[in-house]
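Before any comments, here is the structure.
The values are calculated or read from the model by the stated rules, or taken from the named source; none is laboratory data. Nothing here was measured: the structure is a model prediction, and the numbers come from that model. All Cβ positions, even for glycine, are placed from backbone atoms using ideal geometry, and neighbour counts span all protein chains on display. Surface areas here come from the heavy atoms of the whole protein model, side chains and all, with no ligands, DNA or RNA. Shrake-Rupley method; radii C 1.70, N 1.55, O 1.52, S 1.80 Å.
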Amino acid sequence: MEEPPRPELFDFHGVSMTKFFTDNWENVKKFKAKPDDVVIASYPKSGTTWACYLLDRLYFGKTHPEKETSLPLYMRVPFLELCIPGHPKGKDLADQLTVTPRLIKTHLPVHFVPDTFWENNCKTIYVARNPKDVIVSHFHFSRMNSIHPAPGEWDGFLQRFMDGNSEIKVYNFKHKCSFVNQPFVSSVAYGAWHEHVVGWWEKKQTNPNLHYIFYEDLTENLGGEIDKLCSFLGLTPSDEEKQSIKDAVRFDNMKDNKLTNFTNAPLMNLKISPFMRKGKVGDWKNHFTVAQSKQCDEHYKQKITSPGLQFRTEV
Ligand code: PPS
């Protein structure tokens with residue numbers, strides 16, 4: 001199967017983006033949120049799908065079991081800004097949801113989130129993951145998913161990821177100088193990881209309707225994190241329900257579930273790398289050299305200075 005052409009990154013209001021996340025922007029910006037909408041936000045590859053399924057099971061595990069056997073998770077929890085050929089636009093899917101609450105996924109940086117979500121005080125869950133595992137996960141995802149620029153070799157990908165938006169500004173400059181036949185050295189969509197996690201962390205300091213969770217905490221103590229989520233959302237599942245949710249969202253079970261493992265998802269080639277790849281904290285150790293690990297630690301130590309915001313690369 002021939003791979004569709006990869007999109008280019010460009011500077012979108014100061015954030016590196018590709019057309020697949022901005023082509024429907026005018027409509028996304030005007031999205032009409034409802035007060036009971038629940039938003040699941042994250043930087044890509046941080047455990048979004050895990051959180052989406054957890055919420056889907058928490059809200060609809062009992063009442064809508066039929067959806068469980070027919071509709072993939074990416075249709076039940078639309079990806080708001082997604083606009084790719086051959087697939088309904090995320091914003092339209094969200095508009096068409098008939099359930100309450102509507103669960104809506106986004107990777108937008110906090111300052112891009114449509115105003116009506118804030119105006120309606122929508123409950124929002126932000127999922128964050130340590131940068132080293134995000135980078136590795138993103139590297140493999142970019143190999144298999146043609147809505148992202150091709151990652152190239154690991155060393156270069158890592159460097160560009162850490163550079164974040166700075167690379168894109170160089171690109172624009174170069175582009176104006178009309179480089180011919182120069183392969184574009186991209187960073188990744190959604191801008192610099194640290195700006196994303198810090199932006200949302202700062203928002204949380206003033207917004208009680210924003211619940212910030214960490215992939216590492218979900219890994220270490222799923223039950224405890226489910227309890228905190230339920231308390232934030234005002235849900236009271238029975239112990240039995242909680243146990244069944246915990247089983248459903250286990251990595252192996254989601255990997256075997258064709259409604260959560262992105263089987264038949266557009267533009268993904270799961271033969272190159274599965275969507276449900278490793279699901280671990282610490283897979284970065286299989287990719288980073290000792291020097292790269294040190295450089296990455298130092299880089300983010302400088303970038304992440306917000307009080308209370310800490311990432312664990314091991315559990
Ligand atoms: S996306 O495409 O940006 O929405 O990806 P996202 O869902 O945020 O992140 C994908 C990574 O999360 C892992 N994952 C899980 N880990 C543990 N348990 C469960 N249930 C689970 N579900 C998804 C998935 O495997 C990706 O991480 P890697 O490290 O690549 O395996």
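Quick one: is Gln302 surrounded by fewer than 14 Cβ atoms within 10 Å (Cβ to Cβ), more than 12 Å from the ligand (Cβ to nearest atom), farther than 22 Å from Tyr53 by Cα and at pLDDT 95 or above? It is true that Gln302 is surrounded by fewer than 14 Cβ atoms within 10 Å (Cβ to Cβ), more than 12 Å from the ligand (Cβ to nearest atom), farther than 22 Å from Tyr53 by Cα and at pLDDT 95 or above. Does Lys294 count as in contact (Cβ under 8 Å) with a residue 12 or more places away in the chain, out of contact with any Leu (no Cβ under 8 Å at 6 or more places or on another chain) and more than 28 Å from Ser146 (Cβ to Cβ)? Spelling it out, it is not the case that Lys294 is in contact (Cβ under 8 Å) with a residue 12 or more places away in the chain, out of contact with any Leu (no Cβ under 8 Å at 6 or more places or on another chain) and more than 28 Å from Ser146 (Cβ to Cβ). Within the stretch 140-155, residues that are under 12 Å from Asn269 (Cα atoms) and among the charged types (D, E, K, R) have Cβ atoms under 8 Å from residues that are at pLDDT 95 or above and within 11 Å of the ligand (Cβ to nearest atom) in these pairs: Arg143/Ser273, counting only partners at least 6 apart in sequence or on another chain. Every residue in the stretch 187-244 that is under 21 Å from the mean Cα position of the chain (by Cα), among the polar types (S, T, N, Q) and part of a loop (DSSP other than H, G, I, E, B), please. Selection gives Ser187, Asn207, Asn209, Asn221. Among the residues in the stretch 273-291, are any touching a helix residue (DSSP H, G or I) at 6+ places or on another chain (Cβ under 6 Å), more than 24 Å from Ile213 (Cα to Cα) and modelled with pLDDT of 95 or more? The answer is yes; a qualifying residue exists.
Among the residues of the stretch 90-115, those identified as over 17 Å from Tyr126 (Cα atoms) and of a type in the set (S, T, N, Q) are Gln96, Thr98, Thr100. Number of residues in the stretch 49-62 that are open to solvent by 10 Å² or more (accessible area, probe 1.4 Å) and either in contact with a Ser or Thr (Cβ under 9 Å, 6 or more places away or on another chain) or more than 17 Å from Cys122 (Cβ to Cβ) (or both) equals 7. Inspect the stretch 3-20 for any residue being among the small types (Gly, Ala, Ser), within 16 Å of the ligand (Cβ to nearest atom) and out of contact with any strand residue (DSSP E or B) (no Cβ under 7 Å at 6 or more places or on another chain) and give the result as yes or no. Yes, the conditions are met somewhere in the stretch 3-20.
State all residues of the stretch 238-289 that are more than 8 Å from the ligand (Cβ to nearest atom), over 18 Å from Asn130 (Cα atoms) and aliphatic (A, V, I, L, M); if no residue qualifies, say none. Answer for the stretch 238-289, where residues must be more than 8 Å from the ligand (Cβ to nearest atom), over 18 Å from Asn130 (Cα atoms) and aliphatic (A, V, I, L, M): Ile245, Ala248, Leu259, Ala265, Leu267, Met268, Leu270, Ile272. Residues in the stretch 8-38 that are farther than 26 Å from Leu55 by Cα, in contact (Cβ under 8 Å) with a residue 40 or more places away in the chain and among the acidic types (Asp, Glu): Glu8, Asp11, Asp23. Residue check: Pro35 meets all listed conditions (1) open to solvent by less than 50 Å² (accessible area, probe 1.4 Å); (2) modelled with pLDDT of 95 or more; (3) assigned to a loop (DSSP other than H, G, I, E, B) but one, namely (1). Checked against (1) acidic (Asp, Glu); (2) within 13 Å of the ligand (Cβ to nearest atom); (3) surrounded by fewer than 23 Cβ atoms within 10 Å (Cβ to Cβ), Asp133 passes all but a single condition, namely (3). Looking for whichever is out of contact with any Ser or Thr (no Cβ under 7 Å at 6 or more places or on another chain), open to solvent by 50 Å² or more (accessible area, probe 1.4 Å) and among the hydroxyl-bearing types (Ser, Thr, Tyr) here; the options are Thr313, Thr219. Which one fits? That would be Thr219, the only listed residue that is out of contact with any Ser or Thr (no Cβ under 7 Å at 6 or more places or on another chain), open to solvent by 50 Å² or more (accessible area, probe 1.4 Å) and among the hydroxyl-bearing types (Ser, Thr, Tyr).
One line per residue, one yes/no per condition, for (1) part of a loop (DSSP other than H, G, I, E, B); (2) free of Cβ contacts under 8 Å to residues at least 40 places away in the same chain:
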| position | (1), (2) |
| --- | --- |
| Ser46 | yes, no |
| Thr49 | no, no |
| Cys52 | no, no |
| Arg57 | no, no |
| Lys62 | yes, no |
| Ile84 | yes, no |
| His87 | yes, no |
| Leu93 | no, yes |
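When the stretch 63-92 is limited to residues that are away from the ligand (no atom under 16 Å from the Cβ) and in contact with a helix residue (DSSP H, G or I) (Cβ under 7 Å, 6 or more places away or on another chain), the one that is least open to solvent (accessible area, probe 1.4 Å) turns out to be Lys91. Does Thr100 meet the test of being in a loop (DSSP other than H, G, I, E, B) and over 29 Å from Glu202 (Cα atoms)? Here the answer is no, as Thr100 does not meet what is asked. Right, Pro114: under 20 Å from the mean Cα position of the chain (by Cα), surrounded by 15 or more Cβ atoms within 10 Å (Cβ to Cβ), away from the ligand (no atom under 16 Å from the Cβ) and not polar (S, T, N, Q) or not? Yes: the conditions hold for Pro114.
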